Amino acid sequence: MSPTVLKSKSFALGAIGAMLLMSTPALADFPSGTITYVNPFSPGGECDIVQRMQQNPMREKMGADVVIEYREGGGGAVGWSHVKEQPANGYTFACFSIPHIIAQPMTRDAGYETDELHVLYTYHSTPQVLVVRNDSPYETLEDLVEAARAAPGSITVGGTGTASGNHLATVRLMRAADITVTWIPFPGSGPTIPALQGGHVTALMTNSTMAVQNSEHFRPLAVATEEQIDMFPGVPTFRELGYDVVEAIYRGALGPVGIPEENIEVIVSALDEINREQAERKQEMGFQPVFYGPEESAELVERLKVEYEELLGELGMLK
Amino acid sequence: MIDDLLSGLAAILTFHSLLLIAIGTTLGLFVGSVPGLTATMALALLVPFTFTMDPLSGMVLLGAVYTSSMFGGAFTAILINTPGTPGAIATTLDGYPMAKNGQAELAILVATVASVVGGVIAVIAVIAMASPLTDIAIRFGPAQYFWVAVLGLSLIAALSTGSLFKGLLGGGLGMLVGTIGISPLGGESRFLFGYSQLQGGVQLLVALIGLFAIPELIRLAVSATKSVDVDYSRGSESLLRAFSVTLRRPWNVLRSSIIGLVIGIIPGAGNNVAGLVAYNEAKRADADPSSFGKGNVQGVVASESSNNAAVAGSVVPLLTLGVPGSPPAAVMLGALMLHGIRPGSALFAESGTLAYGFILSLGVSALALLLVGVLGGRLICRAICAVPVTYLVPGIAFMSILGAYSMRNSIIDVFIMIGIGIFAYLVRHIGLQPAPIALGLILGPIAEQGFSMSMLMGGAVHNVPIYALFDNWMSWALIAMVFMTLFWPMVQEARRKKDVTSEGSE
């Protein structure tokens, strides 16, 4: 067989393959193959926990195998830049978190733009909570704010990374209360816990999950939600105390732009059913379930884009 | 507590639990001994299977895989000079020379016994002192992380068998590679060269395969002769001999286990560094430090007993604080959460059977290693010796590529591995060893984080930020250890010279 024949033969095969691929989305029986659910973070993280919870129910509801694929790195950027490049047929989507997918492309060349990703469904938020150690002299938020006023920068607030949900909530507090605290970015949420317990930082701006799991050692001072939430009974919101701080990390599933409507519907209805079934359990773990379909999710992203651009601009972090 | 301890023991000494331990240790051994298959990945894949189990059974299975995979890393370290897990880096230093001297099977058996002893000692210590041990994890702040990293880097001085300058050069190179990616504090991109995939940095295990396995493969392919050959004409090594060799220096085993336990508790730094620190201490305490690196069996004992003790150490912050001490522990934390169990001191009070049962099961898993390790170790050892080089090289190359790819499903990682491998092969000829490079890669980011965070905190508390590095007695203790590590070899050298001259004058 001469090389040219081989070449034309493989070309023909490729063409048939491409036609098949193009015709797949139009078929009504989506999904008919394996679904790849990308986790852009490390095993054991909050995306991982939720994805593992969803994996088996998804298999049953969608009637297809669901594989979780790890593509970690760059705070999720590596995974999302990969998903953006995948064929938009609904067979590949990823766990996402906000603010990451909004803030990363604003502050650096992250390998993707927010608009190159299509948010399909948002399944929960983890509201931000300001916590101190149980034996901390700061009984209320006001105590902490006053201490920060008296000696600007002397109060240290720890949390995960820079331009993260924890950080942006802290920045919002600084703006609303007109105070300066020293932000200490940790390389993940795990190390923040012993740091507060050991007194290496004054307070943590942390996810509701972390605050719930460590409730025996930490005292929540205020929650960054619009209204008080059941998870923290009796804990005031920042707004009730006069500071306009509302911030949460949102998680859900996103795919590349251009997935056919019917396929999106299949994915969204499966995720929605599972999310409602698991809502109670998730709440116990410290997640605040939400049930945003594609439209509501898009609204959320658009609203936060404006807010984050302003906040990051003030910090001088926009690229 | 005694009640919980006994009910925990009763819960794991059932046929069901022991079966899970047997399955877990066998699986872990496989995962640990294949370069590129990681404990973290294996645990993540197992988590959904634990949904249907009760929490204790699930944790027993995960714990067995974790314990055994840390040990499995020793096989590749000894037989093909490649640490199967980062914790086994120090095992290569004497384990591989032993294999070259025809003592591969003895090295593996000794590694098995040392792992078992280290694991059991650490489990006993954890049960007896869980709460004071937790204090260690809490007291460790950014400044202490910085000094631990410096201490680790100072080991380069002790580990460099050739020139100190080349050792430091290797360490520096490793640290430089460690800066690739998104900076941990400010989130800036560094050394991406336009590739967004590099945002995740160079994965440690990808680099380890490149640094250790590839040069070995090239060398095997070039020379076409096996470095590891065991003469079986005298029959196999007996387990009894391995026991007597390991326990001949009980102080070495004990010291290494304690080092592993304590360092394993420190979240983040633990498992990777423990073996190296223990190795260094064993070398310093030995009457003839120069025999290390040439196949001294005590080097294998130190490294393996401490890296298995570190496993038990890393579950302390996991159970008492909910802070995973290592990536595999992070997956186990996730599994606990999925079962609706909240770690913390309440765990010991409310679900004492679970907490103590799990810790005890790590001890039982360690004991199970004796069986699995001896059988599996002999088998693997014989297999490696029986397979001709022409199959061995492509076989290991295939596993290495698969392993590098599977870490993040990234083909870039495969190229990085091959690139690092060729580089490591070339620079070995000018005397740059892989261990210091690996050490720099592991510790560079820890040092950077500790330093920058200390500076931020120092700025808030002191007028001069750098005071934050010196305002705690633990920092000073670590600084003292750094100095000892750096200057002890010189003191020893000076003493030796003095002895020689005084003998000469007589």
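Odds and ends about this structure:
- Flag if B:Phe348 is aromatic (Phe, Trp, Tyr) and in contact with a helix residue (DSSP H, G or I) (Cβ under 8 Å, 6 or more places away or on another chain): yes
- For region A:138-172, taking the residues that are assigned to a loop (DSSP other than H, G, I, E, B) and within 30 Å of A:Phe96 (Cα to Cα), the one that is nearest to the other protein chains (Cβ to nearest Cβ) is identified as A:Thr162.
- Failed condition for A:Leu315, given (1) touching a Ser or Thr at 6+ places or on another chain (Cβ under 6 Å); (2) modelled with pLDDT under 95: (1)
- The conditions of being out of contact with any Asp or Glu (no Cβ under 8 Å at 6 or more places or on another chain) and either without any contact (Cβ under 8 Å) to a residue 60 or more places away in the chain or among the acidic types (Asp, Glu) (or both) are not met by A:Gly286.
- With respect to the conditions (1) under 19 Å from B:Ala355 (Cα atoms); (2) within 19 Å of the chain's Cα centre (by Cα), B:Ser57 lacks only one, and its number is (2).
- Residues satisfying the stated conditions in region B:188-231, i.e. of a type in the set (Gly, Ala, Ser), outside any helix (DSSP H, G or I) and at pLDDT below 90: B:Ser189, B:Gly194, B:Ala224, B:Ser227
Listed here are the residues, each with its yes/no results for (1) buried (at least 24 other Cβ atoms within 10 Å of the Cβ); (2) within 18 Å of B:Lys283 (Cβ to Cβ).
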site: B:Met59; (1), (2): yes, no
site: B:Gly87; (1), (2): yes, yes
site: B:Thr92; (1), (2): yes, yes
site: B:Pro97; (1), (2): no, yes
site: B:Ala107; (1), (2): yes, yes
site: B:Thr112; (1), (2): yes, no
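- Scanning region B:184-201 for residues being hydrophobic (A, V, I, L, M, F, W, C), touching a residue at least 60 places away in the same chain (Cβ under 8 Å) and surrounded by fewer than 21 Cβ atoms within 10 Å (Cβ to Cβ) gives a total of 1.
- Every residue from region B:297-331 that is of a type in the set (A, V, I, L, M) and closer than 15 Å to B:Asn271 by Cα: B:Ala302, B:Ala309, B:Ala310, B:Val311, B:Ala312, B:Val315, B:Val316, B:Leu318, B:Val323, B:Ala329, B:Ala330
- Applying the condition of being over 17 Å from A:Pro194 (Cα atoms) and within 7 Å of chain A (Cβ to nearest Cβ) to region B:336-356 and asking which residue is surrounded by the fewest Cβ atoms within 10 Å (Cβ to Cβ) yields B:Gly340.
- In the set A:Asn263, A:Asn275, only one residue is crowded, with 17+ Cβ neighbours inside 10 Å, farther than 28 Å from B:Ala330 by Cα and touching a Phe, Trp or Tyr at 6+ places or on another chain (Cβ under 8 Å); that residue is A:Asn263.
- Test: A:Pro105 is under 21 Å from A:Ile264 (Cβ atoms) and modelled with pLDDT of 90 or more: no
- Any hit, region B:125-145, residues being among the charged types (D, E, K, R) and not in a helix (DSSP H, G or I): no
- Condition broken by A:His200, with the remaining ones in (1) in contact with a Pro (Cβ under 9 Å, 6 or more places away or on another chain); (2) at pLDDT 95 or above satisfied: (2)
- Conditions (1) under 19 Å from B:Thr67 (Cβ atoms); (2) modelled with pLDDT under 90; (3) touching an Asp or Glu at 6+ places or on another chain (Cβ under 9 Å): number failed by B:Ser236: (1)
- Residue in region A:232-240 that is touching a Lys or Arg at 6+ places or on another chain (Cβ under 6 Å) and crowded, with 21+ Cβ neighbours inside 10 Å present: no
- Check on B:Gly450, over 27 Å from A:Leu204 (Cβ atoms) and out of contact with any strand residue (DSSP E or B) (no Cβ under 9 Å at 6 or more places or on another chain): no
- Matching helices (runs of 4 or more DSSP H) fully within region B:405-506 where at least 3 residues are surrounded by fewer than 12 Cβ atoms within 10 Å (Cβ to Cβ): B:473-505
- Flag for A:Ala203 being of a type in the set (A, V, I, L, M), surrounded by fewer than 19 Cβ atoms within 10 Å (Cβ to Cβ) and more than 7 Å from chain B (Cβ to nearest Cβ): no
- Any chance B:Ile138 is touching a Pro at 6+ places or on another chain (Cβ under 8 Å) and within 12 Å of chain A (Cβ to nearest Cβ): yes
- Criterion: modelled with pLDDT of 85 or more and surrounded by fewer than 22 Cβ atoms within 10 Å (Cβ to Cβ) - qualifying residue of A:Asp29, A:Asp65: A:Asp65
- One residue stands out among those in region A:182-200 that are of a type in the set (Gly, Ala, Ser) and out of contact with any strand residue (DSSP E or B) (no Cβ under 8 Å at 6 or more places or on another chain): the one that is surrounded by the fewest Cβ atoms within 10 Å (Cβ to Cβ), which is A:Gly198.
- Going through (1) of a type outside the set (D, E, K, R); (2) surrounded by 24 or more Cβ atoms within 10 Å (Cβ to Cβ); (3) in a helix (DSSP H, G or I) one by one, A:Thr122 falls short only on (3).
- Unique match (being surrounded by fewer than 19 Cβ atoms within 10 Å (Cβ to Cβ), in contact with a strand residue (DSSP E or B) (Cβ under 9 Å, 6 or more places away or on another chain) and either touching a residue at least 40 places away in the same chain (Cβ under 8 Å) or in a strand (DSSP E or B) (or both)) among A:Arg219, A:Arg175, A:Arg251: A:Arg219
- Residue match in region B:160-183 (condition: surrounded by fewer than 24 Cβ atoms within 10 Å (Cβ to Cβ), under 20 Å from B:Gly421 (Cβ atoms), in contact with a Pro (Cβ under 7 Å, 6 or more places away or on another chain) and more than 9 Å from every other protein chain (Cβ to nearest Cβ)): yes
- Looking only at region A:87-113, and only at residues there that are part of a helix (DSSP H, G or I) and more than 13 Å from chain B (Cβ to nearest Cβ), the one that is nearest to the chain's Cα centre (by Cα): A:Ile101
The values are calculated or read from the model by the stated rules, or taken from the named source; none is laboratory data. Model, not experiment: these values are computed from the prediction. Virtual Cβ from ideal backbone geometry, glycine too; neighbours counted across all protein chains shown.
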